[in-house]
Amino acid sequence: MKKISLTGIKPTGTPHLGNYLGAIRPALALSETYETVYFIADYHALTTVHNGLEMHDNIHKVAATWLALGLDPEKGLFYKQSDIPEIFELSWALSCFTPKGFMNRAHAYKDKVAKSLATGEDADSNVNMGLFCYPCLMDADILMFNADIVPVGKDQKQHVEFARDVALRFNKQFGKAIFTVPEAIIQENTDVIPGLDGRKMSKSYDNYIDIFLDSKSLKKKIGKIVTNSQEMDEPKDPEICNVFKLYKLFASQEQSDALAARYRAGGMGWGHAKAELQSVLEEHLGVARDRYFDLIAHPEKIDSILRAGAEKARPIARENMDRIREVLGVGKSY
Ligand code: ADP
Ligand code: TRP
């Protein structure tokens, strides 16, 4: 039997190249060798997205992105988290096995507290309970479907470690292997994709490049990548250049070597390097972009795929939840 690879993406905005390289592409590559469970973590997004129309829109964007990039909904599972209520039931059960001290140490929570304290606010003034309990919901996402591996970006490693911990704790408490103990899979060369300003590409820094943009908008975005003030004829170091860092993640080895040589030789301006990046992005993502815009223009297609996905995933979740309820002593649901 194939092992299970599971990952989720929050619908908090337009998916960007960091999400693609750090999460979506590695996850899709695993579909050859693993049974896949990929989903839209909309109730995780609810910790920050409090506008219904925006949430609805973001869900469609994330679903269309997965599908356009090659996720085959016939293979494995593909659903929206909120369509599987058993996940929330499990989240509660797991929270009762999670030491509060762990949640105090969760990076996202700690960062918020540190920011509030730095601006003289109360430590918890910007923290809702959803954010505080976020890791427990993620534990439930992962453990419900018995994931063996969880492909994620580096920033999510701690969350997967929490899931491992609670799985072990639970299994020990009840003396049997109820949950599979998951492992995070982090690709080394794409662990932190740089954004326009060289910091980690992120919606929170507003330094991202959307995965799918028409050529004109893409050119405008690429134009904003921060470079140094070296003149055209000066030799340049590709390894410290934000344009090149992105380029080599998409280009072949030969293409990268060729562009690096042009950097080092001098005589190449930033405009040329940016045009090369645009060309490699168009080459890599052009076909998927057409599929994406077609899906976005037909949201009913997306909805029907998600509905079918929920119908396939829910009986599995229900059966697992029944097993867990039995162990907890609350009995099967009716
Ligand atoms: P954002 O920082 O834009 O809010 P998310 O937190 O929604 O992005 O990330 C979704 C997934 O994409 C996660 O698995 C995360 O690790 C990955 N990811 C996001 N940004 C990057 C990046 N710059 N480099 C590598 N992976 C990333
Ligand atoms: N927390 C993840 C993120 O910020 C999204 C996510 C939710 C997830 N549930 C998950 C990722 C389960 C992997 C497995 O990107």
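Tally up the residues in the stretch 175-186 that are not in a loop (DSSP other than H, G, I, E, B) and not acidic (Asp, Glu), please.
Qualifying residue count, the stretch 175-186: 2.
List pairs: first in the stretch 225-242 and polar (S, T, N, Q), second open to solvent by 70 Å² or more (accessible area, probe 1.4 Å), Cβ under 7 Å, 6+ apart or cross-chain?
The qualifying pairs are ASN242/VAL226.
Looking at (1) crowded, with 16+ Cβ neighbours inside 10 Å; (2) away from ligand 1 (no atom under 13 Å from the Cβ), can you tell me which one ARG169 breaks?
Just one mismatch for ARG169, condition (1).
Residues are listed down the side, and each one gets a yes or a no for (1) within 12 Å of ligand 2 (Cβ to nearest atom); (2) in contact with a strand residue (DSSP E or B) (Cβ under 9 Å, 6 or more places away or on another chain); (3) among the aliphatic types (A, V, I, L, M); (4) touching a residue at least 24 places away in the same chain (Cβ under 8 Å):
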{"position": "ASP124", "(1), (2), (3), (4)": "no, no, no, no"}
{"position": "MET129", "(1), (2), (3), (4)": "no, no, yes, no"}
{"position": "PRO135", "(1), (2), (3), (4)": "yes, no, no, yes"}
{"position": "GLN156", "(1), (2), (3), (4)": "yes, yes, no, yes"}
{"position": "ALA163", "(1), (2), (3), (4)": "yes, yes, yes, yes"}
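Given (1) open to solvent by 50 Å² or more (accessible area, probe 1.4 Å); (2) of a type in the set (Phe, Trp, Tyr); (3) out of contact with any Leu (no Cβ under 9 Å at 6 or more places or on another chain), identify the lone condition not met by PHE102.
Unmet condition: (1).
So which of THR47, THR36 is more than 12 Å from ligand 1 (Cβ to nearest atom), within 30 Å of LEU328 (Cβ to Cβ) and of a type in the set (S, T, N, Q)?
THR36
Can you find, within the stretch 129-161, the residue that is most open to solvent (accessible area, probe 1.4 Å) among those that are of a type in the set (D, E, K, R) and over 16 Å from TYR79 (Cα atoms)?
LYS154
In the stretch 231-264, what residues are open to solvent by 80 Å² or more (accessible area, probe 1.4 Å), of a type outside the set (Asp, Glu) and not in a loop (DSSP other than H, G, I, E, B)?
ILE240, LYS248, GLN253, ARG262, ARG264
Please give the helices (runs of 4 or more DSSP H) falling wholly within the stretch 62-138 in which 1 or more residues are over 21 Å from ALA41 (Cα atoms) and away from ligand 1 (no atom under 16 Å from the Cβ).
Once the helices (runs of 4 or more DSSP H) in the stretch 62-138 are filtered for at least 1 residues that are over 21 Å from ALA41 (Cα atoms) and away from ligand 1 (no atom under 16 Å from the Cβ), what remains is 100-104, 107-118.
If we scan the stretch 187-203, do we find a residue that is open to solvent by less than 50 Å² (accessible area, probe 1.4 Å), outside any helix (DSSP H, G or I), free of Cβ contacts under 8 Å to residues at least 24 places away in the same chain and not hydrophobic (A, V, I, L, M, F, W, C)?
No, the stretch 187-203 contains no residue that is open to solvent by less than 50 Å² (accessible area, probe 1.4 Å), outside any helix (DSSP H, G or I), free of Cβ contacts under 8 Å to residues at least 24 places away in the same chain and not hydrophobic (A, V, I, L, M, F, W, C).
Condition check ((1) outside any loop (DSSP other than H, G, I, E, B); (2) modelled with pLDDT of 95 or more; (3) under 19 Å from ALA106 (Cβ atoms); (4) within 14 Å of ligand 2 (Cβ to nearest atom)) across all residues:
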residue	(1), (2), (3), (4)
ALA147	no, yes, no, yes
LEU168	yes, yes, yes, no
GLN173	yes, yes, no, no
SER229	no, no, no, no
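Do you know which residues across the stretch 1-33 are among the hydrophobic types (A, V, I, L, M, F, W, C), open to solvent by 10 Å² or more (accessible area, probe 1.4 Å) and more than 10 Å from ligand 2 (Cβ to nearest atom)?
MET1, ILE4, LEU28, ALA29, LEU30
Restricting to the stretch 2-17, and then to whatever is polar (S, T, N, Q) and near ligand 1 (Cβ under 8 Å from one of its atoms), can you tell me which residue is farthest from ILE296 (Cα to Cα)?
Top of the filtered list is THR7.
Among the residues in the stretch 290-306, are any open to solvent by less than 90 Å² (accessible area, probe 1.4 Å), at pLDDT 95 or above and within 30 Å of GLY175 (Cβ to Cβ)?
Within the stretch 290-306, none of the residues are open to solvent by less than 90 Å² (accessible area, probe 1.4 Å), at pLDDT 95 or above and within 30 Å of GLY175 (Cβ to Cβ).
Restricting the search to the stretch 31-46, which residues are outside any loop (DSSP other than H, G, I, E, B) and not charged (D, E, K, R)?
Those that are outside any loop (DSSP other than H, G, I, E, B) and not charged (D, E, K, R): SER31, THR36, VAL37, TYR38, PHE39, ILE40, TYR43, HIS44, ALA45.
The values are calculated or read from the model by the stated rules, or taken from the named source; none is laboratory data. Given the structure is predicted, the values throughout are model-derived calculations rather than measurements. So basically every Cβ, Gly included, is an ideal-geometry build from the backbone, and we count neighbours across all protein chains shown. Heads up: the accessible areas ignore ligands, DNA and RNA and are worked out on the full protein's heavy atoms, side chains in. Shrake-Rupley method; radii C 1.70, N 1.55, O 1.52, S 1.80 Å.
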